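Encoded as structure tokens, the structure appears first; notes follow it.
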Amino acid sequence: MEPSARRSSGIVAIATALVLSGCAFGPSPVPTPSPEQVEASTPTPTPTPTAEPIDPLTTVTEIVVRPELLELHDAEGVVVATLSYDDEASLFMAALSTVLGAAPEQSELSGGMESAPRTDYSWDGLLATDDHEGNGPIDMNVSVVFTAPTVGDGVTVRTVNGFQPGGDAQALAAELGEPWYGNGADQVRVETGEPIGEQQPYSDYENAYSVAVNAWEWQGSSNAVFAPWNFGIGHV
């Protein structure tokens, strides 16, 4: 056999052997990973830390005394919450404790001929009272007396027209057109809410809750802001 023929015969034999052995030219096949391998190789995302929610009562910088509730404002002047004088006393006092950053001093009073049994809650510049009977000119559940223009950690106090406890009550009466007797027992009506009943025949005042400024001295302070008070029933 000639050399060229022998070479051709050898090439055919090698190709045949490769086919029979399952070999083929070209890129090797990529193995398919198992589900376990995919799961193990997939990185677990790191959870994003969640910020603790902020209690809006901790953002209060101003209390506005209204006839039937307290408005709690933040530094932007936004009302973040209101506290009705008809709220449960425990909830009302707990909210004030958060706003003022301190718990109140609590005292129980048995009452007498002209006063009902009550519980007093005292902070510097503020007395909140739970009248257990709830009748007469204070039918709502709790009442408040502010004796200082600032309470707690710098929380300011004012009425809707800007009067602050300890201010000039006589000038306030003149501004509002309210009577002033100068007898040490003046009580100036600042703001009145919606009527809650028929006007009494003996009174010039509406049967409604109001914010009052009490001109008399009380616990070393005068011209305190008080609410709620029904001038139509309680004013003499």
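Filter the stretch 198-212 down to the residues that are open to solvent by 30 Å² or more (accessible area, probe 1.4 Å) and among the polar types (S, T, N, Q), then identify the one that is modelled with the lowest pLDDT.
The qualifying residue modelled with the lowest pLDDT is Gln200.
Looking at Asn214 and the list (1) closer than 19 Å to Val142 by Cα; (2) free of Cβ contacts under 8 Å to residues at least 40 places away in the same chain, which single condition is not satisfied?
Going through (1) closer than 19 Å to Val142 by Cα; (2) free of Cβ contacts under 8 Å to residues at least 40 places away in the same chain one by one, Asn214 breaks only (2).
Please determine, by comparing only the residues of the stretch 184-208 that are touching a Gly at 6+ places or on another chain (Cβ under 9 Å) and small (Gly, Ala, Ser), which one is farthest from Ala169 (Cα to Cα).
Once the filter is applied, the top-ranked residue is Gly197.
Can you tell me which of Val160, Val144 is closer than 22 Å to Phe92 by Cα, touching a Leu at 6+ places or on another chain (Cβ under 9 Å) and surrounded by 13 or more Cβ atoms within 10 Å (Cβ to Cβ)? Break it down into steps so the answer makes sense when it comes.
Values: Val160 fails: touching a Leu at 6+ places or on another chain (Cβ under 9 Å).
On inspection, the qualifying residue turns out to be Val144.
I need a count of the residues in the stretch 148-168 that are out of contact with any Ser or Thr (no Cβ under 8 Å at 6 or more places or on another chain) and either in contact (Cβ under 8 Å) with a residue 12 or more places away in the chain or part of a strand (DSSP E or B) (or both).
So in the stretch 148-168, the residues out of contact with any Ser or Thr (no Cβ under 8 Å at 6 or more places or on another chain) come out as 151-153, 158-163, 167-168.
Checking which are either in contact (Cβ under 8 Å) with a residue 12 or more places away in the chain or part of a strand (DSSP E or B) (or both) leaves us with 151-153, 158-161, 163, 167-168.
Total satisfying the criteria: 10.
Residue by residue, here is whether (1) of a type in the set (A, V, I, L, M); (2) surrounded by fewer than 17 Cβ atoms within 10 Å (Cβ to Cβ) holds:
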position	(1), (2)
Trp123	no, no
Val155	yes, no
Gly182	no, yes
Arg189	no, no
Ile196	yes, yes
Asn214	no, no
Gln219	no, yes
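The values are calculated or read from the model by the stated rules, or taken from the named source; none is laboratory data. None of these values were measured; they are calculated from a predicted model. Here Cβ is always computed from backbone atoms with ideal geometry, including for glycine, and neighbour counts include all displayed protein chains. Please note that ligands, DNA and RNA were not included when accessible areas were found on the heavy atoms of the full protein model with its side chains. Shrake-Rupley method; radii C 1.70, N 1.55, O 1.52, S 1.80 Å.
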